[in-house]
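Down below is the structure, laid out as structure tokens.
The values are calculated or read from the model by the stated rules, or taken from the named source; none is laboratory data. Predicted, not measured: the structure shown is a model, and the values here were computed from it. Don't worry about glycine lacking a Cβ; one is built from the backbone with ideal geometry, like all the others, and counts go over all protein chains shown. Ligands, DNA and RNA are stripped out before the accessible areas are found, and what is left, the full protein with its side chains, is counted by its heavy atoms. Shrake-Rupley method; radii C 1.70, N 1.55, O 1.52, S 1.80 Å.
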Amino acid sequence: MASRFNALKADAAWQKVWDERKTFAADDLSTKPRSYVLEMFPYPSGRIHMGHVRNYTMGDVLARFRRMKGMEVLHPMGWDAFGMPAENAAMEKGVHPGNWTRANIATMKAQLKRLGFALDWTRELATCEPAYYGHEQALFLDLFAAGLVYRKESAVNWDPVDMTVLANEQVIDGRGWRSGALVERRKLSQWFLKITDFADELVDGLGALEHWPDKVKLMQENWIGRSQGLQFEFNLTAPLPLAGGGRGRA
């Protein structure tokens, strides 16, 4: 009688083979049709949860399907590792945010690898590393030189505990989603990208998107926020004089 299939042993064996052969590494010189599959990068909190499993399983299925169809698939992984959450967690634990973040990345990477996703780990990146954010800074300077970045004062949602600006979606019943503090409205000098210069092009391009749900295209159109103004004229005539020279009677 055949022994019972040992999934844990089989998974580990095949994942070792995939790593050694670089099975999922995209070949830049390939002549196959190219496909790019990208899910949202996870925040390195230190542990993978079922939301991650669901999200990356869907991307994994798509990447493997396209590879089986004969395409050269780039399916990378990275870490959304810059900003206030890492600093707050580090202050709470009394550790350096860099050490805390990199340790979490190592833990979560090992967890994702055990799941056997078809990821190209040779393209791994973390947004907190200079090798990544240096390109962001260079892009910002290019946009500034092209007149597509400007600075002005604008009202923001200010969390007095986290000492940071919150998006509208991060304010729940008037309080910060993470700290629970009452959110204040403040005016701050901020940098803005002139995406309005491309509003017409973006909205018009939505009509060319195939297989996109109408509700998603409508959401994008509302987010872009193009609005048409209205010009109008009134024909005015001088009012008729009141009887008696304009004086009323008692």
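Quick notes on this one:
- Scan of the stretch 78-104 for residues that are assigned to a loop (DSSP other than H, G, I, E, B) and within 20 Å of Trp177 (Cβ to Cβ), ordered by number: Asp80, Ala81, Phe82, Gly83
- Pairs with Cβ under 6 Å, 6+ apart, first in the stretch 93-122 and closer than 17 Å to Ala12 by Cα, second surrounded by 15 or more Cβ atoms within 10 Å (Cβ to Cβ) and of a type in the set (S, T, N, Q): Gly116/Gln15
- Single match in Gly147, Gly116, Gly83, Gly134 (criterion: over 19 Å from Ile48 (Cβ atoms) and over 22 Å from the mean Cα position of the chain (by Cα)): Gly147
- Within the stretch 115-162, restricting attention to residues that are basic (Lys, Arg) and loosely packed, with under 13 Cβ neighbours inside 10 Å, the residue that is nearest to Leu182 (Cα to Cα) is Lys152.
- Number of positions in the stretch 46-86 that are under 26 Å from Glu129 (Cβ atoms), open to solvent by 10 Å² or more (accessible area, probe 1.4 Å), of a type in the set (A, V, I, L, M, F, W, C) and touching an Asp or Glu at 6+ places or on another chain (Cβ under 8 Å): 2
- Residues of the stretch 176-210 that are under 22 Å from the mean Cα position of the chain (by Cα) and in a helix (DSSP H, G or I): Ile195, Thr196, Asp197, Phe198, Ala199, Glu201, Leu202, Val203, Gly205, Leu206.
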